[in-house]
Amino acid sequence: MLKTVFLDAGGVLLFPNWTRVVEALARQGVPGAAGELARAEPRARKQLDDRRTIGTTTDASRGWLFFDLILERAGIPRSPQTSAALTELHAYHQANNLWELVPDGVRPALTALRDHGLTLVVVSNANGTLRAHMNRIGLATLVDIVIDSADEGVEKPDPRLFEIALSRAGAHADTTIHVGDIYQVDVVGARAAGIRPVLLDESDLHPGVDCDRVASLDELVGRIRGGDF
């Protein structure tokens, strides 16, 4: 019986503040639109979701490669101006966390999962600001535990981060699922820890994936209520 749900933060609960990104670009004279960046983001994430890339980078270095890919897919060529904008955004992220956009369906889904009697644990590769950030944006009260890789000294896909989360929650792998958005990080890592992975694939970019897949947190809630997990 399912008792615990692990959730990634970025790409599942939180997304970049595209308005802030556009404003940083504009200060460097680079035009862009928040909607274009948001539409480019899923395919940039899919491009990043490569075994070799994940295996030879850290979460911190991937984060800014990710933004380069987003800009490229949004038709904004790399330049000294885009580099300056990303440097500004990086400084903001280190202090406050740039992943400030919470989609409309996140809070109702977390509430529904809690009402179903599940323990909710955020298990995220982050930069040490995630707990304070979740408080700032009003999500901390909707989950039970927040695990930030920077605080623990190990990051996904290393199964040790999942094992830390299991221990902290008093949970067991066989009654836990992990919901994440990057196969090579979330699915691979959860499996290595003996946890059933669920890939959140809102843009239907992984049709043949070899694990459970949901298009939204709302679908996840429905499937849990239906006994699929």
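The values are calculated or read from the model by the stated rules, or taken from the named source; none is laboratory data. Keep in mind it's a predicted model, so treat the numbers as computed, not measured. Don't worry about glycine lacking a Cβ; one is built from the backbone with ideal geometry, like all the others, and counts go over all protein chains shown. Accessible surface is based on the protein model in full, side chains and every heavy atom, while ligands, DNA and RNA are left aside. Shrake-Rupley method; radii C 1.70, N 1.55, O 1.52, S 1.80 Å.
So the values come out like this:
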item: Test for Leu220: is it closer than 16 Å to Gly10 by Cβ and hydrophobic (A, V, I, L, M, F, W, C); result: no
item: Candidate set from the range 56-100 (those that are in contact (Cβ under 8 Å) with a residue 40 or more places away in the chain and over 18 Å from Arg20 (Cα atoms)); member that is surrounded by the fewest Cβ atoms within 10 Å (Cβ to Cβ); result: Thr58
item: Condition met for Arg27 (at pLDDT 95 or above, more than 17 Å from Gly105 (Cα to Cα) and open to solvent by 80 Å² or more (accessible area, probe 1.4 Å)); result: yes
item: Residue within the range 17-24 that is among the small types (Gly, Ala, Ser), surrounded by fewer than 19 Cβ atoms within 10 Å (Cβ to Cβ) and part of a helix (DSSP H, G or I) present; result: no
item: Residue identified as free of Cβ contacts under 8 Å to residues at least 12 places away in the same chain, crowded, with 16+ Cβ neighbours inside 10 Å and over 15 Å from Val12 (Cβ atoms) among Ala140, Ala169; result: Ala140
item: Given (1) more than 17 Å from Tyr183 (Cα to Cα); (2) at pLDDT below 95; (3) not in a loop (DSSP other than H, G, I, E, B), index of the condition Pro77 fails; result: (3)
item: Whichever residue in the range 118-136 is assigned to a loop (DSSP other than H, G, I, E, B) and touching a residue at least 60 places away in the same chain (Cβ under 8 Å) and, among such residues, is most open to solvent (accessible area, probe 1.4 Å); result: Asn127
item: Test: residue in the range 104-117 that is surrounded by 13 or more Cβ atoms within 10 Å (Cβ to Cβ), of a type in the set (Val, Ile, Thr) and not in a helix (DSSP H, G or I); result: no
item: Matching residues in the range 80-103 - criterion: being outside any loop (DSSP other than H, G, I, E, B) and touching a strand residue (DSSP E or B) at 6+ places or on another chain (Cβ under 9 Å); result: Leu101
item: Wholly enclosed strands (runs of 3 or more DSSP E) of the range 173-229 bearing at least 2 residues at pLDDT 95 or above, open to solvent by less than 30 Å² (accessible area, probe 1.4 Å) and under 14 Å from Glu163 (Cα atoms); result: 176-180
item: Test: residue in the range 52-70 that is of a type outside the set (A, V, I, L, M) and on the phi > 0 side of the Ramachandran plot; result: no
